[in-house]
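A.B. asks: So that we are looking at the same thing, I have put the structure below in structure tokens.
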Amino acid sequence: MDWHPLRLTTPVKQHVFGGRAIAERLGRGGLPDGPVAETWEVSDVEGDASTVLDGPLAGRTLRQITAEHPDELLGPRLPPGPRFPLLTKFIDGRGALPVHLHADDATARRLEGEPNGKTEAWHVLDAAPGATALVGVQDGVDRDTLHQALLAQDFDAVMRRLPVRAGQTVYVPGGTLHSFGPDTLVYEIEQTSDIQQHAMRRRMEDGSPVPDDEWHANLDRLLDEWRPGPRPGFHSGLSVPSDDGVVRTVLCAGPHFALERWSAGPATPLSYRFSTVRILTNVGAPVTVTAGPWTGLLDRARTLLLPAVLGELRIQGSGDLLIGYVPDLEHDIRGPLLAAGHGPAAVAALGEGLGPR
């Protein structure tokens with residue numbers, strides 16, 4: 001088959017916390033009227049699966065391609081599974097997102113009957129002055145203290161409120177209670193899953209009230225899936241400059257995913273090689289992407305899925321690109337960053353599984 005970068009459908013979520021930032025600040029066209037909270041750039045979530053828009057695989061879902069062409073799509077290093085492993089989104093937190101959490105892998109298998117949980121990371125694209133996020137609980141908070149605060153909806157009594165600035169990233173392990181917004185625009189990468197437990201009295205979809213019995217059941221399940229330990233922080237990533245002016249910044253990394261931001265000037269095309277599937281999202285001016293005989297334009301706030309079989313591509317233009325993938329932590333992350341002079345502690349702060357060896 002004639003493989004080339006894949007353009008996918010992007011499910012849109014019009015939850016009440018959304019606004020118009022994805023259209024107005026990022027310049028994304030084709031969105032519905034009204035609030036747009038999320039666009040799911042690459043998704044294999046049940047009921048919200050991305051579908052290929054053009055080429056020989058047009059009309060095929062991401063799940064079908066993952067099952068039928070695992071080596072060509074994923075690459076030989078990634079084990080085939082029931083789902084494509086990564087989910088990516090633009091999220092407009094015009095209003096505050098609900099306080100919620102996603103189970104980690106072990107808890108998802110034990111309590112949800114799911115093959116995996118959902119660790120995620122947020123890369124902040126824009127944030128109003130004074131914007132904050134709630135990420136994890138304060139030291140010393142136990143289950144009963146957390147339960148009482150959730151009943152009172154007094155989140156600041158128990159959670160860590162952190163300042164948020166554009167260009168920063170935070171890695172959020174499964175089981176971590178969290179929220180961000182208002183006035184925050186992020187790009188999110190995470191494990192493919194839609195399991196979540198909410199602490200709120202109103203539904204995020206339409207703002208309707210949650211009945212008391214359902215709300216108390218939600219809190220009980222949230223507490224069962226909560227992990228008290230993780231206390232991640234925002235950081236600016238670690239860069240690996242090259243002689244041709246291209247700058248690679250590792251924003252976060254762990255066993256489930258890595259996210260990098262690549263920038264380059266217009267004079268020299270950016271050449272990029274890879275052996276496993278990549279998600280390429282443009283957060284800058286439009287660029288031209290070439291892979292073999294295929295050439296296409298990648299507009300701002302749009303995404304291409306790069307099958308592993310392609311192996312290499314070239315990007316022409318003033319690039320500002322996000323690249324997500326499942327890493328080999330030693331080869332892809334720890335080794336290059338240590339060689340670039342970054343210390344072990346700074347590398348370990350990017351996510352899980354990056355401590356000294």
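The values are calculated or read from the model by the stated rules, or taken from the named source; none is laboratory data. Predicted model only: the values in this text are computed from it and were never measured. No Cβ is skipped: glycine too gets one built from the backbone with ideal geometry, and neighbour counts run over all protein chains shown. Surface accessibility is based on the protein's heavy atoms, side chains included, excluding ligands, DNA and RNA. Shrake-Rupley method; radii C 1.70, N 1.55, O 1.52, S 1.80 Å.
A.B. asks: Considering region 221-271 alone, what residues qualify as being among the charged types (D, E, K, R), closer than 30 Å to ALA103 by Cβ and open to solvent by 50 Å² or more (accessible area, probe 1.4 Å)?
C.D. replies: Narrowing region 221-271 to residues among the charged types (D, E, K, R): 221, 224-225, 227, 231, 243-244, 248, 260-261.
Those still in the list that are closer than 30 Å to ALA103 by Cβ too: 221, 224-225, 227, 231, 260-261.
Matches in region 221-271: ARG221, ASP224, ARG227, ARG231, ARG261.
A.B. asks: Cβ-Cβ under 7 Å, sequence separation 6+ or interchain: first residue in region 234-263 and free of Cβ contacts under 8 Å to residues at least 24 places away in the same chain, partner open to solvent by less than 50 Å² (accessible area, probe 1.4 Å) and part of a loop (DSSP other than H, G, I, E, B). Which pairs?
C.D. replies: GLY245/GLY265; THR249/GLY237
A.B. asks: Continuing with this model, one more query. Could you list, in sequence order, all residues of region 297-339 that are assigned to a loop (DSSP other than H, G, I, E, B) and over 22 Å from THR39 (Cα atoms)?
C.D. replies: To start, the set of residues in region 297-339 that are assigned to a loop (DSSP other than H, G, I, E, B) comprises 299-302, 307, 311, 317-318, 326-328.
GLY311, GLY317, SER318, PRO327, ASP328, listed by residue number.
A.B. asks: Name the one entry in ARG109, ARG94, ARG63 that is in contact with a strand residue (DSSP E or B) (Cβ under 9 Å, 6 or more places away or on another chain) and open to solvent by 60 Å² or more (accessible area, probe 1.4 Å).
C.D. replies: On the way: ARG109 fails: in contact with a strand residue (DSSP E or B) (Cβ under 9 Å, 6 or more places away or on another chain); ARG63 fails: in contact with a strand residue (DSSP E or B) (Cβ under 9 Å, 6 or more places away or on another chain).
So the residue among ARG109, ARG94, ARG63 that is in contact with a strand residue (DSSP E or B) (Cβ under 9 Å, 6 or more places away or on another chain) and open to solvent by 60 Å² or more (accessible area, probe 1.4 Å) is ARG94.
A.B. asks: Working carefully through the options LEU125, LEU86, find the one that is touching a strand residue (DSSP E or B) at 6+ places or on another chain (Cβ under 7 Å), under 18 Å from PRO182 (Cα atoms), surrounded by 19 or more Cβ atoms within 10 Å (Cβ to Cβ) and in contact (Cβ under 8 Å) with a residue 12 or more places away in the chain. Lay out the reasoning, then the answer.
C.D. replies: Working: LEU86 fails: under 18 Å from PRO182 (Cα atoms).
On inspection, the qualifying residue turns out to be LEU125.
A.B. asks: Quick one: count up the residues across region 284-321 that are under 26 Å from GLU24 (Cβ atoms), open to solvent by 10 Å² or more (accessible area, probe 1.4 Å) and hydrophobic (A, V, I, L, M, F, W, C).
C.D. replies: 2
A.B. asks: Considering only region 66-83, state which residues are without any contact (Cβ under 8 Å) to a residue 12 or more places away in the chain, in a helix (DSSP H, G or I) and open to solvent by 60 Å² or more (accessible area, probe 1.4 Å).
C.D. replies: GLU68
A.B. asks: Output the qualifying pairs, or none if there are none: Cβ atoms under 8 angstrom, residues six or more apart or on different chains, first residue in region 205-230 and closer than 12 Å to LEU151 by Cβ, second residue surrounded by fewer than 12 Cβ atoms within 10 Å (Cβ to Cβ).
C.D. replies: Listed by first residue and then by second, the contacts come to LEU223/ARG143.
A.B. asks: Here is a further query. Take VAL158 and tell me if it is buried (at least 19 other Cβ atoms within 10 Å of the Cβ) and more than 27 Å from LEU259 (Cα to Cα). Outline the logic, then answer.
C.D. replies: Working: buried (at least 19 other Cβ atoms within 10 Å of the Cβ): yes; more than 27 Å from LEU259 (Cα to Cα): yes.
Yes: the conditions hold for VAL158.
A.B. asks: Please tell me if LEU151 is in a helix (DSSP H, G or I) and either open to solvent by less than 20 Å² (accessible area, probe 1.4 Å) or in contact with a Lys or Arg (Cβ under 9 Å, 6 or more places away or on another chain) (or both).
C.D. replies: On the way: in a helix (DSSP H, G or I): yes; either open to solvent by less than 20 Å² (accessible area, probe 1.4 Å) or in contact with a Lys or Arg (Cβ under 9 Å, 6 or more places away or on another chain) (or both): no.
Against the criterion (in a helix (DSSP H, G or I) and either open to solvent by less than 20 Å² (accessible area, probe 1.4 Å) or in contact with a Lys or Arg (Cβ under 9 Å, 6 or more places away or on another chain) (or both)), LEU151 does not qualify.
A.B. asks: Starting from region 304-332, take each residue that is at pLDDT below 95 and hydroxyl-bearing (Ser, Thr, Tyr) and list its partners that are surrounded by fewer than 22 Cβ atoms within 10 Å (Cβ to Cβ) and not in a strand (DSSP E or B), counting only C-beta distances under 7 angstrom and pairs at least six apart or across chains.
C.D. replies: SER318/GLY265; SER318/PRO266; SER318/GLY284; SER318/ALA285
A.B. asks: Right, something else. Mind checking which pairs have a first residue in region 95-120 that is under 20 Å from ASN218 (Cβ atoms) and of a type in the set (Ser, Thr, Tyr) and a second that is in a helix (DSSP H, G or I) and open to solvent by less than 30 Å² (accessible area, probe 1.4 Å), Cβ under 7 Å, 6 or more apart or different chains?
C.D. replies: THR107/GLU225
A.B. asks: Right, here's the next one. Please count how many residues of region 84-102 are within 16 Å of the chain's Cα centre (by Cα) and not in a strand (DSSP E or B).
C.D. replies: 4
A.B. asks: Report every pair of residues separated by at least 6 positions or lying on different chains whose Cβ atoms are under 9 Å apart, first residue within region 134-154 and free of Cβ contacts under 8 Å to residues at least 12 places away in the same chain, second assigned to a loop (DSSP other than H, G, I, E, B).
C.D. replies: Partner pairs satisfying both residue conditions: GLN148/ASP154; GLN148/VAL158; ALA149/VAL141; ALA149/VAL158.
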